[in-house]
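Input: one structure, supplied below.
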């Protein structure tokens, strides 16, 4: 089984279609890879060995005509999505021991398509963070350099794909949590349009921003997964009824005539020189392949970080009120009164960043501050959306770096939350505007750390993103690069 | 509005948020939340005269379902995850409410 290629869905499907490799062996190979690498990478909070093998065996008994589009494909799920009977923690102590009684819609859809869930991936607690360091299980580590962050909050999902453990993983993206770790780990990450994918069963962080999407090695695999995930859901009133196109069909498209907007002023400052060079080289390549580069202005994008941290924390403070030690998860021992139980459970159960955000959100919603902070942020959010609407009158997509720097060192930003927030500078505006965005590998730093760039598209136009990203990918070799997993240096 | 966050503010917010913070946490959050709010104040410089707030980004109206009875989670299954479920009574048990 040493030669079994677990890096792409297309590769796994090829192996299974030949009939020589049963789903059970593919599943076992993935589980063995977790076993071999997880002690150094910490990508998984939970490995579903028995359930996964049982499911793979059941799939092997299906007639070829009964096989779904993801038949036998091992997939990892971020640990903030409910999986029936598999512990779901959001990397928080407050959900210690929680076994959801139902599956998230995305999990149901993946399994119906034949995928095998091999485990739940590490993430920042309740998806709040940009480095995976806010996890009760400790940080996941970047396979390109285990002393560095894989990014966050879907860090474990990005690591699982980058290290070749699974060909695809699910993440959630509230302010960049799919795209930034994908960029820092050298893979593809897609945040669909708000409403494209059901959020039922996703542990809510900020309900007007959260969206589930795929992390994969290739653009083609992202299209395959989105086709399975997208569509309406009677259990999520925000899941759109907009028709789901054939995303794979977009992949054969070309760059000729594509109009790519570049917000020069916005991406001109605070970007690492190597990221800048890789981004410029990607633009040059697309231009030389027939795309038109158009200078655009996003005058309010500079306010996206403060707007995001006011809106997202306000929503979080409300969403996380439900964790009170009554219905699920952790409860402080020996509390004498109900109120004392609430207060102590929440103080002991939540980590520092989650408390900070609950506090900030409570503050901006409180009497006397609501208009100056929360309402004002919602108004500036409108201006940020309008900037994009104006841009999309002239261009098909907007290009930016995904992250202003390659992967930073673990511990580098943990003492300064504000510095950590600035890591999201290029990703949050897609969430504030509800637009789809994809991060694609576009190079490496001198220290061999991956660099990615991001394309943002019109609402429900993932096809154009996939077409342009796919055409770029075909002209480069970045997705063929492999992380050389080294044991972490013992400090 | 300038946000000078005091220790008393932090204690008051923690009370609203149902968090019992330690003294060290209060000290740390007073500084960190003050820094973040100071940074976030820049939004107040933006002219938003006549600009409506965005509270959601839905393309159309939220989707409504028909008001019909459908199967839902079984009560026994729903309470089994509780830290202190009174399974036979079908209730969540909590500490004393009135002191």
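FYI, it's all coordinate maths here, none of it is from the lab. The model shown is predicted, which means the values in this text are computed figures rather than measured ones. Here the Cβ is made from the backbone with ideal geometry for all residues, glycine too, and neighbour counts use every protein chain on show.
What does the highest-first list of A:98-106, A:431-439 look like by mean Cβ count within 10 Å? Walk me through the intermediate numbers first.
Numbers: A:98-106: 20.8, A:431-439: 27.9.
For the peptides A:98-106, A:431-439, the packing ranking is A:431-439, A:98-106.
Where does chain A land on the Kirkwood hydrodynamic radius, alpha-carbon pairs, in angstrom?
Numbers: mean 1/r = 0.0448 Å⁻¹.
22.3 Å is the Kirkwood radius here.
Calculate the mean, over all residues of peptide B:8-19, of how many other protein chain Cβ atoms lie within 10 angstrom of the residue's Cβ. List each step's numbers first, then the result.
Numbers: counts 0, 4, 2, 0, 3, 10, 7, 2, 7, 14, 13, 12.
For peptide B:8-19, the averaged partner shielding equals 6.
Sort A:27, A:123 so the one with the fewest other Cβ atoms within 10 Å of its own Cβ comes first.
By the 10 Å Cβ count, ascending: A:27, A:123.
Another question, if that's okay. With a 10 Å radius around each residue's Cβ, average the other Cβ atoms per peptide and rank A:404-412, A:450-458, A:235-243, highest first.
Going from most to least packed, we get A:450-458, A:404-412, A:235-243.
Antiparallel DSSP bridges in the protein assembly as shown: what percent, to the nearest 5?
Of those bridges, close to 70 percent are antiparallel.
With Rg and the Kirkwood Rh both taken from Cα atoms, where does Rg over Rh land for the range A:368-477? Numbers along the way, then the final one.
Numbers: Rg = 16.6 Å, Rh = 16.0 Å.
Rg/Rh: 1.04.
Still on this structure, I have one more. Over the residues of chain B, compute the C-alpha Rg and express it relative to 2.2 N^0.38 Å. Write down the numbers at each step before the final one.
On the way: Rg = 22.6 Å, N = 99, 2.2 N^0.38 = 12.6 Å.
Computed over Cα atoms of chain B, the ratio equals 1.79.
Using a 10 Å cut-off around each Cβ of peptide B:75-87, what is the average number of partner chain Cβ atoms that fall inside?
4
Follow-up question, since we're still on this one. Among A:71-84, A:271-284, how do they line up from the highest to the lowest mean number of other beta-carbon atoms within 10 Å?
A:71-84, A:271-284
Between the range B:35-80 and the range A:1-64, what is the C-alpha centre distance in whole Å?
Rounded to whole Å, the Cα centres lie 38 Å apart.
Hey, another quick one. To the nearest whole number, what is the average tally of beta carbon atoms from other chains within 10 Å of the beta carbons of peptide A:286-296?
The mean count of partner-chain Cβ atoms within 10 Å per residue comes to 0.
Determine the equivalent ellipsoid of the range A:1-143 by diagonalising the alpha-carbon gyration tensor, then write out the semi-axes as square roots of 5 times the eigenvalues, largest first, rounded to whole Å.
27, 17, 12
Now a separate question. Before anything else, pin down the relative contact order of chain A: Cα pairs under 8 Å, at least 6 apart, normalised by residue count, whole percent.
18
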